[in-house]
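Computed from the coordinates by the stated procedures, all read-outs in this text should not be read as laboratory data. Values in this document were obtained by computation on a predicted structure and should not be read as measured data. Because the Cβ atoms are built from the backbone with ideal geometry, glycine has one as well, and the counts that use them run over all protein chains shown.
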Amino acid sequence: METPPTYNPPKKSNTGLIIGLVLGGIAICCIGGVALLFFGGLQIFKQVAPMAECMMNYGAVQEALTDYADANKGNLPSAAAWQDELAPFVEKRLAKLKKDSGPFKVMESNGEWGCSSGDRKTGMAFNSKVTGKTYADARKDDEVLIFEVDQTGRNLSQPFVEQPKSTSPKIMGEHRGWITIRAAGGLEMGDKEVGRKFKFETNN
């Protein structure tokens, strides 16, 4: 009698394991890549968002100056109480922004006005050199009406003196320049114009 052949079970294929490892690796890479993009984007957003909010705040004040001048025969607010006088007009502008601002936060009209950049906060000051002038007077010389200062407070007022860009807050590691609102030139950051919304039409 012949001895029956020895049964050798088929070797298990490693194909499934290899495919699983490959797919797992791809998944980890993809998830890791998405996570890196997410956290990287989040870091960029954290740096850029305050600047966007800053521009929104200054834009609201710029437009409020127009509204105030229209309602006050072309006069500018007083240096001593300029924020208090502008507050109702700023609140109307901010109310519109708050509806469409998404993840961005804008300032409160009854609080301190200014910007945030990391741990550094700046405020807004009224140029006391234009005290008593009408908008038309200030526009002739393109006077600075409101400007960014390295302090915070309510109704800050002082003569405007141009500050070096190297002392201004940073965005993405670079000094961005100080923000000003000019009577004719509009909203500027350093030597860059960022808006010409300040349009005045007198009713008198």
Pair Ala52, Asp141: separation of 7 Å Cα→Cβ label points (nm) = 3.9
Label 7 Å along Cα→Cβ of Asp84; the stretch 121-154 residues with amide nitrogen under 16 Å?
-> 126, 153-154
For the pair Ser128 and His175, what calculated FRET efficiency results from E = 1/(1 + (r/R0)^6), where r is the Cβ-Cβ distance and R0 = 30 Å, to the nearest 0.05?
-> 0.70
Qualifying aspartates and glutamates (Cα of each under 18 Å from Cα of Lys121; at least 8 residues distant if same chain) = Glu53, Glu108, Glu112, Glu148, Asp150, Glu174
Modelled label-to-label distance, Asp191 and Glu162, 7 Å Cα→beta-carbon offset: nm?
-> 0.9
In Å, what Rg and Dmax follow from the Cα atoms of the stretch 49-133?
-> 13.2, 40
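Report the net charge of residues surrounding Lys133, where surrounding means a beta-carbon distance below 12 angstrom and charges are Lys +1, Arg +1, Asp -1, Glu -1.
Working: positive: Lys129, Arg139, Lys140; negative: Asp137, Asp141, Glu143.
Within the 12 Å Cβ shell, the charges total 0.
What's the FRET efficiency of Ala95 with Lys73 using the Cβ-Cβ distance as r and R₀ = 25 Å, to the nearest 0.05?
Plugging the Cβ-Cβ distance into 1/(1 + (r/R0)^6) gives 0.50.
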